[in-house]
Each structure stands twice: as C-alpha cells, then as structure tokens.
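Asks: The following block contains the structure, expressed as structure tokens.
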Amino acid sequence: MRVPSSQLPMIGRSLVLCQSRAGYDEAPRRPQRSEGAGGEGGGQRRYNNTNTNRDGGRRDFNRSFDDGDERPQRSGYSGGEQRGDRPQRFGGGGGGGRFGGQREGGRGRGGYAPRGGDGEGGEGELRQGGYRQGGNRGGNPRSALTEEQLAARKEVNGAINAATSWRELAGVLATKGPQMDSENISVVLYKVSQDARPGEADRAEYDGLLGSLLGWVLALLPMFRPKHTALCLYALARMELYSAEVVGGLADKAATQLVNFTNNEVTNLILSLAKLGHKPSDTFMTEFWSRTAVRLEQMSRLELSNLVQGLSRLQLLPSPEWMEAFLKSAGRQANGMYRRDYITLAMWVATVAKDSGWQPSQAGVDALFTSNIGRLAPPPSDRPAAATASTDGEDAPAPPAAEAKGGWRGRDGKVGPVPKYATTVGVDMPDISRLLWSLSNFSARPSRPWFEALYGALSRQWRSWSSSELPTIATYLSRYLQQPATPDMCKQLANFLGSENVRANMGADGVGACLYLLAMSGFKPTDRWLDEQVIYLKGALPSASLAGLEAVYNALPLLGSGYRLNEVVTDAANRYNAAVNQQQSGSEELTSVA
C-alpha cells in the first residue's frame, strides 16, 4: 500500500508540550547488558528486556519470524518504560555505571541507561554490539518532566498497552494524540502492524488511522531516537505501507543515528528498506558500509542472514574490503544457519562476484564451503526427512525426537511439522544446483573432499532425482567446475540413464550433459548400455542445442567406439558447425545493415 504525501493529515502540536519533553526526547536511551539475569542459554549475556509468555517460557527481542527478521518486544516498550509507577534505576556519576540484575518483583526486565553519543551522557564506546556509557552526566532522562507530566505519560502508556485492536488504538490516538511523543507513536504504529487488516467494510476507517499515524511520524521525526526510527520502519515494512516522504525521512534520520543502532536494528533496518522497495541514498550507504564493517565479526547468524537478504533485494554491491570481512564472519556462522539462509548467502556472494568483478580469496571460499562440509552430510537418524525433503515447497514431517519435545513451534505459537528451511544439515537437488552456480562464478574452488561429499549427498537422493535438475548439475560439475564424479555416482547415473522414459524427459541436451560427466570421470559402460544411448541420440540430435551437440561430440568418443557411434559423432559435429556458421552469418548481416 502506497500513501501519497497529499493524503497525509496536517497535525498541530502544542509548543509547550514539545518544550516540556525536550529534555526527555533529546536523551536517547538504550538497554544495558545484564550480567546474570535473563536471556536464553543461562550464562549468555543478552539484553535483559525479556518478558514471560503464556507458556511460561522466555520471549525476547531476538525471536525471528517471516524471512528471518528479528521481532521487537510485543508491547513495543522497553522494560519499565511502560510502567510509570516503577521508577528506573540508572548507573550514576563519574565514569558511568552499569545496571546489572533485575528489579525486585520484576519479571526479568533489566535496567536502562541513556544511549551514548546523542545526549549528555557522552559518546558511547562500541563493545560487543553495545555501547558502554561515558560520563552519564544527564542522570534520569525523565528528570525534565514534572509530576503532572509523568502522570500524564503514565496514563498514555497505560491506554496504549490496554488497547487490543487497531480500532482501540485509533480511539487512543484520537483522544490522547496531542499528549503522545515519538516513543508513543512508534509503539502505536508497531502494535497496529501486529493486528490483522480489516475487511472492506472497515477499510476506510483503517486507512484513516494509517494516514494519521504517518502524519504523526512526520511531525515528530526530528525528535526520533534510534529505537523509534528502527521500530517505525519495521512496522511499515510488515504492513507493506509505503510513503516516499515518510520512508525517505526515516531513512535519512537513520543515516545520522547508525552509530547508535544495535546490530539487530541495523540488519532489520536494511531488510525493512528492502521490503519497502526503497533504495537508500549514497550518503546513507556510505555511513552504512563504514559502520557495519567493524561490526560484522560481532553479528549473529540470524543478523548476517537478514543483512544478506536486505542487500540482495536492494542489489547493493559492497567494497572488496567489506566483502572479505563479511566472508570471515559468515564462514564462522554458516554452519549453524538454516538451509535456506545458507544457500541465499552463497548465491549473494556469487552475485556480488559476478556483477562487481570482485573475487573471493581461497581462504574466503574455504571458510564458506570447505569448513562447512558437514552441511552436506546426511541428517541424523531421527531426522530422515531433512535430506530427502520434497522439492515442491511442502514442509517435511516432524522428526520423532522433536515431537517428543513438543515439535517445531511456529510464529503463532502452535506446534507443527519442521519446515524445510529450518534444517541445518542435508541439501536437496535445487540446493545443490544453487551451490554449484555460486561456485561457477568463483575462480577459487573448495577442496576435493567437499565435492566428494557433494556427490555423496547427491547419490543418496537418487530416488528423488529430477530429469530437469540433474542435467543442470551435471553441466556445472563437468563443464564449469571440472570435477569428476565418484564411482558410486557414476554407477547410479548410468542406471538412471538406462531408463527410456528418463531419456525422453531429459532430451538430447540433458542426456549429452550426463554423458559428458560420465566420460570425463573415466566411466566405462557396457556395449549394450552405450548402444541404447547412441540409438536414442541418433533420433534426438535434430532438437539439440549448441551446448548439447558439443557435449555429445566430446562425450561419445571417450565412452567407446563403433560404426553407429561414429555416425552419431559425425552428425553432431556437422550440425554444430552448421549452427555456428549460421550464427556468424546472421551477425555479419546485422553488422552490415547497421
């Protein structure tokens, strides 16, 4: 949905309210890391802004959904900001304290301190994806508000939190809109994005709410903090709601705030812009490349996946230095990525190499492929469907071990079958085709054991071989990568070509590609098997392309000899030469006409 600027309402705002909250709005705040409380995995250090879900588990900022982008908190508020009756505790004075642990009686919500670099707290220092505060001379950012203003803020927060639908949020916006600040508006927009879109009967009222929210975003944009900017772009991308003025203004605002964005916010930011189809300005990308280059080693595999998805959709090409740093980080994280994310990562790196002329080093290729050879291994015995999942996009059945523990929990909280993309081991035929296409764009190659493992993964799936996918794989392995097949693979491929139906489905081009792979691998067939291939090709050559004719001409002499075979080879050579001469004469005619 695209909203023209002319439809955005003009929103007035009291100058007194703006000035009274100036001290708060200009004091950006970010969560500190908690030492011992909160976070999944026990001893891991995570932002302690978790809360408790209905199942008794933990829910935090790092849950993923949709294409892997990371979900903010359900309420949209951070920790105690949504409760005015519980004062926040901050590290004070001198060198800037750090708040660790939880409040008494709280539910795992940590403390907060002002973001460094934007307010009086001083410039922040990048440390493991976060910032440690400097002087923190600003104290409590709520100190600029009077008791009446704090009470009014508490009332607004309570009304927003109590709203359970977009219609209730529209009522809150209509009655308390002039009292809201940038944080309130960003949270309202986020909560609206979580609600389902109404039917045609309520569409006019719903569109009016969206237009009003976009107007508020424009009005309060100068006071947006990094968190508000990221949250608004995330919500707009989730609703697929695009306004050039609003999205462009948020992107320009983010360019000045990237230094204070967390890794989660940075990667979600670029993915949100990609989903909205908004290509950032050169100023934004210059700042983006410089800020992310030093953070790549600190990013998680989910953050790297989001980064790749966003950059690939926007068709942005980084510098060679940035790509080398990215490969170094991605190589360490790739083994834990989901299958879909790993394949997307490999294809994006290949696309950058193809379009920019940059080539990864041998160390980079080894980090991305050879070091992750375990991904090509068969899945564990209790997950047989992961490596042999159907290629029609259906979900694979849930493994017994996962069922015993509750199975796969989806975005809606329901337990169901494990999605195909949620496996980290095993590859199917489309995955192998994409990996080989990626490697065909690199000058460096993985080690021979990696290709042997790839052949092993392919041969284990012989029951699900596709007549359309197999010739493509054979072409990449033989013509572009020059990697001979293993003996087991040769035997299974020969058995596959022994079927008359398979040859008919493949056509002359497909049979020629498979024969060429067998020939370069040193395979020696029986006379009867070779005669069947020659007889089929004799009648199928008229429909072969140049690539198919070339493969037949080069493959058959290496597989055997005989009068009939020589006739087919000669016919393929004559047809190939005639087609090449015809193309050359056609190009000469076009040149003379021009």
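Asks: So how many residues does segment 162-186 have that are within 18 Å of H228 (Cα to Cα) and either β-branched (V, I, T) or not in a helix (DSSP H, G or I) (or both)?
Replies: Qualifying residue count, segment 162-186: 3.
Asks: From A551, A547, A555, which residue is open to solvent by 10 Å² or more (accessible area, probe 1.4 Å), assigned to a helix (DSSP H, G or I), touching a Leu at 6+ places or on another chain (Cβ under 8 Å) and in contact (Cβ under 8 Å) with a residue 40 or more places away in the chain?
Replies: On the way: A547 fails: touching a Leu at 6+ places or on another chain (Cβ under 8 Å); A555 fails: open to solvent by 10 Å² or more (accessible area, probe 1.4 Å).
Checking each option against the conditions leaves just A551.
Asks: Is there a residue in segment 158-177 that is closer than 30 Å to W289 by Cβ and buried (at least 20 other Cβ atoms within 10 Å of the Cβ)?
Replies: no
Asks: Inside segment 290-315, can you point out the residues that are open to solvent by less than 50 Å² (accessible area, probe 1.4 Å) and closer than 25 Å to S243 by Cα?
Replies: So the first thing to find is which residues in segment 290-315 are open to solvent by less than 50 Å² (accessible area, probe 1.4 Å), and the list is 292-293, 295-296, 299-300, 302-312, 314.
Selection gives N306, L307, V308, Q309, G310, L311, S312, L314.
Asks: Hey, does segment 232-245 have a residue that's farther than 29 Å from R340 by Cα, touching a residue at least 60 places away in the same chain (Cβ under 8 Å) and surrounded by 17 or more Cβ atoms within 10 Å (Cβ to Cβ)? Show your work before the answer.
Replies: Narrowing segment 232-245 to residues farther than 29 Å from R340 by Cα: 243-245.
Of the ones still in play, those that are also touching a residue at least 60 places away in the same chain (Cβ under 8 Å) are 243-245.
Subset that is surrounded by 17 or more Cβ atoms within 10 Å (Cβ to Cβ): 243.
Scanning segment 232-245 turns up at least one residue that is farther than 29 Å from R340 by Cα, touching a residue at least 60 places away in the same chain (Cβ under 8 Å) and surrounded by 17 or more Cβ atoms within 10 Å (Cβ to Cβ).
Asks: Give the residues of segment 504-536 that are over 43 Å from the mean Cα position of the chain (by Cα), under 17 Å from S478 (Cβ atoms) and either among the small types (G, A, S) or part of a helix (DSSP H, G or I) (or both), sorted by residue number.
Replies: Correct list: Q533 only.
Asks: Could you list, in sequence order, the residues of segment 187-206 that are of a type in the set (A, V, I, L, M) and buried (at least 22 other Cβ atoms within 10 Å of the Cβ)? Spell out the reasoning first.
Replies: Restricting attention to segment 187-206, the residues satisfying the condition of being of a type in the set (A, V, I, L, M) are 187-189, 192, 196, 201, 204.
Within segment 187-206, V187, V188, L189, V192 meet the criteria.
Asks: Moving on to the next point. Where the second residue is part of a helix (DSSP H, G or I) and charged (D, E, K, R) and the first is within 16 Å of Q359 (Cα to Cα) and lies in segment 311-322, which pairs have Cβ atoms under 8 Å and are six or more apart or on separate chains?
Replies: Note: pairs meeting the criteria are L317/D355.
Asks: Follow-up question, since we're still on this one. Can you confirm whether G510 is at pLDDT 95 or above and either open to solvent by less than 70 Å² (accessible area, probe 1.4 Å) or at positive phi (or both)?
Replies: Working: at pLDDT 95 or above: yes; either open to solvent by less than 70 Å² (accessible area, probe 1.4 Å) or at positive phi (or both): yes.
Here the answer is yes, as G510 does meet what is asked.
Asks: Same structure, new question: Answer yes or no as to whether F451 is part of a helix (DSSP H, G or I) and modelled with pLDDT of 90 or more. Outline the logic, then answer.
Replies: Values: part of a helix (DSSP H, G or I): yes; modelled with pLDDT of 90 or more: yes.
Spelling it out, F451 is indeed part of a helix (DSSP H, G or I) and modelled with pLDDT of 90 or more.
Asks: Quick test for you: out of R137, R153, pick the one residue that is assigned to a loop (DSSP other than H, G, I, E, B), of a type in the set (K, R) and at pLDDT below 90. I'd like the intermediate steps shown before the answer.
Replies: Numbers: R153 fails: assigned to a loop (DSSP other than H, G, I, E, B).
That would be R137, the only listed residue that is assigned to a loop (DSSP other than H, G, I, E, B), of a type in the set (K, R) and at pLDDT below 90.
Asks: A further question on this structure: Could you grab the pairs with beta carbons closer than 7 Å, sequence gap of 6+ or different chains, first residue in segment 520-532 and closer than 14 Å to P484 by Cα, second one among the aliphatic types (A, V, I, L, M) and surrounded by 11 or more Cβ atoms within 10 Å (Cβ to Cβ)?
Replies: S521/A485; F523/A494
Asks: I'd like the full set of residues that are open to solvent by 10 Å² or more (accessible area, probe 1.4 Å), in contact (Cβ under 8 Å) with a residue 60 or more places away in the chain and under 13 Å from G249 (Cα atoms), limited to segment 212-224.
Replies: Those that are open to solvent by 10 Å² or more (accessible area, probe 1.4 Å), in contact (Cβ under 8 Å) with a residue 60 or more places away in the chain and under 13 Å from G249 (Cα atoms): W216, L218, A219, M223.
The values are calculated or read from the model by the stated rules, or taken from the named source; none is laboratory data. Model, not experiment: these values are computed from the prediction. Note: ideal-geometry Cβ built from the backbone for every residue, glycine included; neighbour counts use all protein chains shown. Side chains are part of the model used for accessible areas, which takes the heavy atoms of the whole protein and leaves out ligands, DNA and RNA. Shrake-Rupley method; radii C 1.70, N 1.55, O 1.52, S 1.80 Å.
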